[in-house]
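Report on one structure; see the data block that follows.
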Amino acid sequence: MILVTGATGSIGRALVRHLAAGGVEVRAFVRDAERGAALGVPYTVGDLDEPGSLDAALDGVTRLFLNSGGAVPADGEQPMVRQQKAAIDAAVRAGVRRIVKVSVEGARPGGRLAQGAHWEIERHLTASTVDRTVLRPNGFMQNFVTGAGSFTADGDLIGHHTDAPVSYVDARDIAEVAAALLTGDHESAETLVLTGPEALTQTAIAAQLSTVAGRRVGFHRLRPAEMAEALRAQGLPAPFADDVAALWAEVAEGALAGVTDTVPRILGRPARSFAEFATDHSDELRSRLTP
């Protein structure tokens, strides 16, 4: 039995469906019953901040997929750290044999935003007695569908001022790698960086999105200070905006341009390209790109 947390997110939805299609016994851990039912697999309603609900969900589980979204901390604390540490401890108590955790590329002590939070969780997982694999994906292609900071109100692309390339990865590939690690005999205690097959500039991505949208998708370049100012104008806390700006500067210097062989090595096929992603999500992208 595999328990999937974050089951209604981009990775989690793809993972539970992939596991179910392969005949694997899977249980989704969700906060909303309606969204859980839509997954088409057995699910348990609970919350990572409610230990009792997590203990119940872990009954009979042998492997855990650990993933949960971060939040904008109002007081400097990232709730994800508390929640995922508690989940790891609960899994150990329940006799879970393997945990596959989704982290983030660039996780490190003192890192900005989720980087530092994931590093702290990774250290807690490493100190546990359970077999584990940490996945550090690069930027998600799916962010271009959700619009997570990717577009202006007019449907044009936002990017950093240098237009340095990023090797975006498809969340479906992350899910399939996780499935292979959860169901197979791959080595544990690994930290794996997941990327797409190529690093693309925002200019190149805007050109591909223009084809999908049937119109020219513009590209707005922002320097780090401009990004911080835009976030503060939206009402976000200044420390959060400053951390985003610092990460923005790292990306502008090429921090997310590397390409790894993790996806093809584990799945035995090439990682999905941005062109494949755009084709598969053309309807959603056209809706997002329509002003």
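Computed quantities for the displayed model
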| item | result |
| --- | --- |
| Simple spin-label estimate for Asp280 and Ala21 in nanometres, 7 Å along Cα-Cβ | 0.8 nm |
| Convex hull of segment 1-102 built on C-alpha atoms - directionally averaged projected area, nm² | 6.2 nm² |
| Footprinting exposure proxy for His220, His18 (fewest neighbouring C-beta atoms within 10 Å first) | His220, His18 |
| Space enclosed by the convex hull of the alpha-carbon atoms of the chain, per residue, Å³ | 129 Å³ |
| Highest-first arrangement of 194-206, 85-97, where packing means the average Cβ count within 10 Å | 194-206, 85-97 |
| Extension reserve of the Thr146-Ala33 stretch, reckoned as 0.36 nm per residue once the Cα distance is removed | 38.5 nm |
| Fewest-first sequence of Arg215, Arg136 by Cβ atoms within 10 Å of each Cβ | Arg215, Arg136 |
| Test item: Cα-centred dipole of segment 229-291, Lys/Arg +1 and Asp/Glu -1 on Cβ, debye | 240 debye |
| Alpha-carbon centroids, segment 160-238 and segment 1-51: separation in whole Å | 24 Å |
| Length gained when the stretch Arg221-Arg123 is fully extended (0.36 nm per residue, less Cα-Cα span) | 31.7 nm |
| Using θ = phi - 60° and Karplus 6.51 cos²θ - 1.76 cosθ + 1.60, couplings along segment 79-91 (whole Hz; Gly, Pro as x) | x, 4, 4, 4, 5, 6, 4, 5, 5, 4, 4, 5, 5 |
| Loop trypsin sites (Lys or Arg not before Pro), segment 101-130, which have at most 13 other Cβ atoms in a 10 Å radius of their Cβ (DSSP) | none |
| Estimated dipole of the chain in Debye, rounded to 20 [Cβ of Lys and Arg +1, of Asp and Glu -1, Cα centre] | 320 debye |
| Cβ-based exposure ranking for His160, His281, in which fewest neighbours within 10 Å come first | His281, His160 |
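Each value in this text was obtained by applying a stated rule to the coordinates, not by laboratory testing. Predicted model only: the values in this text are computed from it and were never measured. FYI the Cβ positions are ideal-geometry reconstructions off the backbone, even for glycines, and counts take in every protein chain you see.
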